Amino acid sequence: MKILVTGAAGFIGSMQAMCLLERGDEVVGIDNLNDYYDVKLKLARLARLESHPNFRFIALDIADRQAMAGLFVKENFQRVAHLAAQAGVRYSITNPHAYIDSNIVGFMNILEGCRHNGVEHLVYASSSSVYGANTKMPFSVRDNVDHPVSLYAASKKANELMAHTYSYLYKLPTTGLRFFTVYGPWGRPDMSPILFAKNIMQGKPIDVFNYGSHRRDFTYIDDIVTGVTKILDKPAEANPNWSSENPDSGTSTAPYRVYNIGNNKPVQLLDFIAALENALGKKAIKNLLPMQPGDVPDTYADVSDLIAEFDYKPDTSIEAGVNAFVEWYKAMYKV
């Protein structure tokens with residue numbers, strides 16, 4: 001298949017592109033290579049992809065309406081894995097306009113490109129952040145998610161609503177994936193694994209918010225891309241049993257679906273740090289702090305739909321995932 005992967009220089013996007021290339025798909029990757037974090041890391045991810053003859057990279061901003069329209073007309077994609085976004089809960093508090101430009105305007109351009117050019121299936125990244133103020137565990141796609149606690153979360157909820165509109169009006173199959181705390185090799189340097197590993201190795205304190213009491217459903221990157229690939233291969237279908245009297249928010253009368261992709265096994269942040277300490281062979285100096293604005297105390301994914309419909313469940317243990325991350329980190333940063 002010919003597949004567009006947006007955010008191809010990003011953490012998840014680059015790993016997803018690699019997975020698709022290794023199974024023989026033709027992949028066009030786009031990314032605007034912005035400086036939200038070190039562009040050298042983005043270029044290093046791209047360098048791994050560019051050795052594949054079935055990969056082409058185009059430097060492009062998804063918020064550029066004219067350029068995106070031209071890309072879809074020229075390339076005639078069969079499927080789209082939309083993984084580009086302005087990420088980060090905390091950054092959305094200090095730079096909210098970036099989230100509107102990328103996550104709202106950019107997503108609109110993706111939807112229009114798919115609508116007008118016969119794309120068979122759009123799979124896009126949502127986020128566990130949409131669960132916001134919810135406290136009922138585990139989080140289910142059937143839960144109400146109308147109370148986001150960050151603009152990032154609100155932008156991802158908006159994506160799901162926009163996708164449903166296009167599925168309903170134009171019969172465009174769309175699937176939203178709520179990712180839960182993705183980590184692993186080639187991860188973003190603004191995320192806790194790299195921030196923690198760097199400071200631990202340098203003997204500097206690490207900032208541990210909510211006094212380390214956070215629980216996160218840490219999900220290893222390989223589990224994420226395997227799930228995305230399985231879902232990309234199976235276009236969303238309408239639910240014939242959907243009822244407006246008892247609406248199922250994870251499905252629709254339109255070809256629209258939403259799934260959680262998480263490890264289904266939340267881990268306390270202090271335990272994640274302990275796994276990092278073991279893999280690095282060095283103890284952390286912890287600076288215990290209160291919870292940050294926009295954060296949620298716990299995340300925990302109900303992945304029953306993923307199991308039932310795809311016979312798939314992320315299952316990489318924290319120990320195995322952290323060890324693989326540390327091996328990559330030491331090689332990448334020569335420590």
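The values are calculated or read from the model by the stated rules, or taken from the named source; none is laboratory data. Bear in mind that the values here come from a model prediction, so they are computed numbers and not experimental data. Please note: Cβ atoms are built from the backbone with ideal geometry, for glycine as well, and neighbour counts cover all protein chains shown. For the accessible areas, the whole protein counts, side chains as well, though only heavy atoms, and no ligand, DNA or RNA atoms are used. Shrake-Rupley method; radii C 1.70, N 1.55, O 1.52, S 1.80 Å.
General observations
- Förster radius 22 Å - calculated FRET efficiency between Glu237 and Ala308 (Cβ-Cβ, nearest 0.05): 0.95
- Applying 0.36 nm per residue to the separation of Val39 and Met137 and subtracting their alpha-carbon distance, the gain on full extension is 31.5 nm.
- Test item: Cα-centred dipole of the range 142-291, Lys/Arg +1 and Asp/Glu -1 on Cβ, debye: 460
- Long-range HN-HN contacts of Phe218 with modeled amide H, under 5 Å: Val267
- Remark: the Gln292-Tyr170 segment gains 39.9 nm on full extension, using 0.36 nm per residue and subtracting the alpha carbon distance.
- The calculated 222 nm mean residue ellipticity attributable to helices in the chain amounts to -12000 deg cm²/dmol, summing -39500 (n - 2.57) over DSSP H runs of n ≥ 4 and dividing by all residues.
- Sites Ser51 and Asn76 - FRET efficiency at Förster radius 22 Å, r taken between beta-carbons, to 0.05: 0.35
- Net charge dipole size for the chain [Lys, Arg +1 and Asp, Glu -1 on Cβ; Debye, nearest 20]: 740
- Positive-end residue, the chain charge dipole about Cα centroid, Cβ charges, pick of Ala236, Ser317, Ala69: Ser317
- Along the range 51-61 the Karplus relation, 6.51 cos²θ - 1.76 cosθ + 1.60 evaluated at θ = phi - 60°, assigns HN-Hα couplings of 7, 7, x, 8, 10, 10, 10, 10, 6, 7, 9 Hz to successive residues, with x for each Gly and Pro.
- Chain lengthening between Ile104 and Lys334 when straightened (0.36 nm per residue, less Cα-Cα): 79.0 nm
- Radius of gyration, Dmax [the range 195-242; alpha carbons; angstrom]: 19.2, 58
- Based on the Stokes-Einstein relation at 10 °C and a viscosity of 1.306 mPa s, and on the Kirkwood radius from alpha carbon pairs, the range 117-244 is assigned a translational diffusion coefficient of 93 µm²/s.
- Given charges at beta-carbon only (K, R positive; D, E negative), |dipole| of the range 193-234 in Debye: 100
- Computed from the C-beta positions of Tyr211 and Asn144, the FRET efficiency with R₀ = 30 Å rounds to 0.55.
- Surface composition of the chain: carbon and sulfur make up 52 percent of the accessible area, probe 1.4 Å.
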